[in-house]
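A.B. asks: Okay, handing you the structure first.
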Amino acid sequence: MNGAARTLTSYPRVESRGVFRFIKGAIHGEILVPVFLHSLFTAFVVYLDTYVFDTVGLPSTIIPSLSIVVGLMLVFRNQTSYNRFWDGRNGMSTMNTCVRNLVRTISTNSYSATRGPPTPSEREDIERTIRILMAIPYAVKNHLRAEWGAAWALNGILGHDVDERGTAAYNPDYAGLLPAGLQGHEDEGLGLPFQLTFFVDGFIKRGEMRGWFPAPGASQLQAQLNTLLDAYGRMETIKLTPMPVAHLIHQKQVLALFGCVLPFAMVDEMGWWAIPIVSLVIFTLYGIEGIGSQLEDPFGYDRNDIKMDALVGDSKTEIDVVLTEWRDHCKTMDQIWHAKHGERCLDGAQVIKGEEKYMEPDLFLKSKRMALT
């Protein structure tokens, strides 16, 4: 199954069965308390109207005026929250696309037309860079979740993304992708995703000096790297810029006020039926508000958040396949080179003379493996 298919299947399909869903992916638990309190208050108002006073009802004409205000506030909140969710998902997609483009270009263009395939030391440099590109989505994910311990062992916790307490723990798969001897500076305010891009930029410069990438090609690689950093910055902005507190407070107060006025406007016409009607209205309004609350920070572990772990895992799986193919490809090219040109110089500077320029065959083809037979 390819990466796209795995990502698609990681999202649950909600059809007509969603009507009866009250736990997984739902926000009922968060709104249960306000719905119950407003129902209790409505019952108290109906009791006063029925047994204590002649009437405590208010004109029902006040409901449309308040409804307009409540509706506008909820539309603004939900639209803003969903935009944050959508922008975060687009940021992840942009980042993964840039990683794919960089890996593809590096793995297919890292050879010299006059010196042949990369030397063992150059292959080690290429593989280290590809592994760093695999690590960047992990670094972004953990940075957005403030999980600073996922790259290095902390307090002896090993083997899981998150421990039983929800604390970030050491992830050996992720840590194994990082350059040997890497020293992080997250405690000083330098994000690890930004730090890793220095290694990629350095490789692009070395590739240009080796003759692998012409100046325009190197510029394109750097443009992809800049786009990746831009996507990371936009996701970081979403994480570090919460909804204004004044708006959140006022919205809660307006919802509570509307829920308290509603029973007085319904009690004369509906009597005890006002309790389920008010409960239904409050359930709807607080549910909309609760959805906005979940979507405004889309990088966590909630069921409604972006499936960060699935996206990052799919990206790593894809590049793992490319890296495995590239390793086999390099072995085959070395064998072909040795058969045609003999042993390389120690510095790998052997130059083709009197022949056409060297051109590597495409990856993912079985035919090149038959070249030696």
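A.B. asks: How many angstrom separate the Cα center of region 251-313 from the Cα center of region 118-146?
C.D. replies: Using only Cα atoms to place each centre, the spacing works out to 43 Å.
A.B. asks: Spin-label point model (7 Å from Cα, Cβ direction): what's the Asp320 to Asp302 distance in nm?
C.D. replies: If labels sit at Asp320 and Asp302, their model points lie 3.1 nm apart.
A.B. asks: Taking R0 as 22 Å, what FRET efficiency do you get between Leu66 and Val33 from their Cβ-Cβ distance, rounded to the nearest 0.05? Show your work: numbers first, answer last.
C.D. replies: Details: r = 22 Å, r/R0 = 1.00.
That pair, Leu66 with Val33, gives E of 0.50.
A.B. asks: Do any of Lys141/Lys252; Lys205/Lys331; Lys316/Lys340 go past 27 Å between their Cα atoms, and which? Provide the component values of the computation, followed by the final result.
C.D. replies: Working: Lys141/Lys252 31 Å; Lys205/Lys331 25 Å; Lys316/Lys340 36 Å.
Checking Cα-Cα distances, Lys141/Lys252; Lys316/Lys340 exceed 27 Å.
A.B. asks: If you don't mind, another one. Give, in nm to one decimal, the length gained when the segment between Arg234 and Thr55 is fully stretched (0.36 nm per residue of separation minus the Cα-Cα distance).
C.D. replies: 58.9 nm
A.B. asks: Right, next: Calculated FRET efficiency, Thr284 and Leu48, Cβ-Cβ r, R0 30 Å, to nearest 0.05?
C.D. replies: Values: r = 25 Å, r/R0 = 0.84.
In this case the efficiency is close to 0.75.
A.B. asks: Testing the spin-label approximation: label points 7 Å from Cα along Cα→Cβ at Met270 and Asp309. State their distance in nm.
C.D. replies: For the pair Met270/Asp309, the computed spacing is 4.2 nm.
A.B. asks: Roughly speaking, what is the stretch gain from Val245 to Asp201, that is 0.36 nm per residue apart minus the C-alpha to C-alpha distance, in nm to one decimal? Intermediate values should be presented prior to the final figure.
C.D. replies: Values: separation 44, 0.36 × 44 = 15.84 nm, distance 3.98 nm.
Extra length from Val245 to Asp201 when fully extended: 11.9 nm.
A.B. asks: Using a/c under 1.5 as the rounded threshold, could you call region 185-283 rounded, prolate or oblate? The axes a ≥ b ≥ c are square roots of the C-alpha gyration tensor eigenvalues, and prolate needs a/b larger than b/c, oblate otherwise. All intermediate terms of the calculation are to be shown ahead of the outcome.
C.D. replies: Working: a/c = 6.56, a/b = 4.00, b/c = 1.64.
Since a/c reaches 1.5 and a/b is larger than b/c, the shape of region 185-283 is classed as prolate.
A.B. asks: Please find the FRET efficiency linking Phe364 to Tyr82, where r is the Cβ-Cβ separation and R0 is fixed at 30 Å, and quote it to the nearest 0.05. Intermediate results must be reported in sequence, preceding the final value.
C.D. replies: Values: r = 39 Å, r/R0 = 1.30.
With a Förster radius of 30 Å, E is 0.15.
A.B. asks: Only residues of region 307-335 count here: report those whose backbone N is under 19 Å from the spot 7 Å along Cα→Cβ of Asn90, or say none.
C.D. replies: Output list for this probe position: 307-308.
Only the coordinates and a few stated rules stand behind these numbers; no lab work does. Since we're looking at a predicted model, the values are computed, not measured. Here the Cβ is made from the backbone with ideal geometry for all residues, glycine too, and neighbour counts use every protein chain on show.
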